[in-house]
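The structure under discussion appears below in the form of structure tokens.
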Amino acid sequence: MERSEYQMLDGLSLATLLRSKQVSPAELMQCAVALGEASDCEFNSLCYVRADEALALAEKAELKGQFGALPFLLKDSGLASTYLRSSVGSRLFADLKSPVNATLNERFIADGFISFGRTTVPEFCMAPTTEAVQNNGPTLNPWDKTRSAGGSSGGAAVAVSTGVVPIAHGSDGGGSIRIPAACCGVYGLKPSRGLVPMGPWRGEAWGGLAADGVLTRTVRDTAAALDGIVGMELGAPYAAPEIPGKYLDLIDRPFTRPLKIAKWTGAFDDIPVAEECVAAVEATARLLKDMGHDVVEAPLPEIKYKSFLRSHQDVLAASVTLTVNGKLRSSPDDGWREKLEPAMVDAYDLGKALSAETYALAINRFHTIARQMELYISDYDFILSPTLTQMPAKLGTLTMANDFRTFRNRVGDYTTFLAIINASGQPAANVPVYWTRDGLPVGIQLIGHFGREADVLRLSARLEEASPWIERYRRRGEQ
């Protein structure tokens, strides 16, 4: 198979070729490894690549699951793998080994994914850019190398956008799937809380904010990937509602009535929103109205955003302290502070000094937002918002060189529409329907009712039909 052909096909199309024996798993892996090497050299998007071993696995692979034997990449988020080491973007955790696979990783393997490496992340996945010192430089945006690819799933978004793999693992604890999806012009869905397993070593992360998923170039690939990985895990602390069927079967089901969609163009606390981000929402609203749906400018829910940001920071700081102390208990290191970036050292100290009352208050605040958002959306079928308040950040403008709260306050101004949906637990997707005249993607976010990923996927698929973004990749490939 020619690499250019491989780059233009989505995961399900490649799986069809595998099953009809028009292409072999080894041929696909050869394409992925070669493209990955080129992409990494240009954009700094991969780590812990095991090309020779992956090629050997592909040579003897038997087709299974929905994707047969498809090249894949795990995010360097610490998702446990016996095959691939991890660093979580940190020099302190470099070359971390695991004796077991995460439940999610087992499900990826069972569905026909063959991982040949990991994708770059910021330290501890706590930034909306991917510029970890551990990565020896920033991960660059494939549409504009002066800008960030986003974070924390930055390397994953680059790999999907450049066609290294059609589907890559991502995770989202405050926008970390949706941010890089917006920056790199790919589709990224954050699932409902409890839908995707987090075991076997933990039941939740970041106070229930974090969720795993995938980034793709087509909506149907996300639907098919979710079909293979969702479902409650025994002993999990959260559970999403029962799945109504196969997502891949549901995405083509038409809506039987006009939808009522709340449109947000202003941000909490009057945080400025770039005109390009507003234009993306307005353009999407026109597409939805052309489909016959009712899109209405709606007031924001009455969320105390600054208080939420503080609580989000408290929970993240507590997580840093927990993570670092766990590492130091197993591997004492007197020089550990020098191996962390400044914001993470500060976060560790904040987390260590955090009171139990403050942490409990933060969790209660998340639960309050969950109730507020579900009550708010009960008047609508969806919420439409910008994904980010600004265009993809310029390199070096959102690094961890500051103290933790200063850094995270700046992040809160950039990702205003995102982390509240982690607190609410609702599904939300970045849909890449809009590009500027200069060729930069500008994301819009679709927010759905809790547990109703199928509806988010269905509406996303209609937008994909109305404004097929795959043409953007084809045109770039021809340049």
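Equivalent-ellipsoid semi-axes for segment 354-422 (Cα gyration tensor, √(5λ), whole Å, largest first): 26, 22, 5. Grab the beta carbon distance between residue 410 and residue 333, set R0 = 35 Å, and tell me the FRET efficiency rounded to 0.05. Between residue 410 and residue 333 the formula returns 0.75. Pairs exceeding a 32 Å alpha-carbon distance, out of 60/327; 190/352; 145/260; 64/263; 60/339: 60/327; 145/260; 64/263; 60/339. Across the chain, the longest run free of exposed loop sites, meaning chymotrypsin sites (Phe, Trp or Tyr not before Pro) lying outside DSSP classes H, G, I, E and B with no more than 16 other Cβ atoms within 10 Å, spans 256-479. Here the calculated FRET efficiency for residue 256 and residue 279, from their Cβ-Cβ distance with R0 = 25 Å, stands at 0.20, rounded to the nearest 0.05. What FRET efficiency do you get for residue 100 and residue 364 if R0 is 30 Å and r is their Cβ-Cβ distance, rounded to the nearest 0.05? FRET efficiency, residue 100 to residue 364: 0.35.
Pairs of C-alpha atoms in segment 3-478 farther apart than 43 Å represent 7 percent of all such pairs. Taken along the Cα-to-beta-carbon direction at a fixed 7 Å, the label points for residue 374 and residue 21 span 5.2 nm.
Ellipticity at 222 nm from helices only: DSSP H runs of n ≥ 4 in the chain, each -39500 (n - 2.57), divided by the residue count, give -12500 deg cm²/dmol. A straight chain from residue 1 to residue 290 at 0.36 nm per residue would run longer than the Cα-Cα distance by 100.1 nm.
Read the figures in this text as sums done on the coordinates, not as results from a lab. Since this is a predicted model, take the numbers as computed values, not measurements. Note that we place each Cβ from the backbone using ideal geometry, even for glycine, and neighbour counts take in every protein chain shown.
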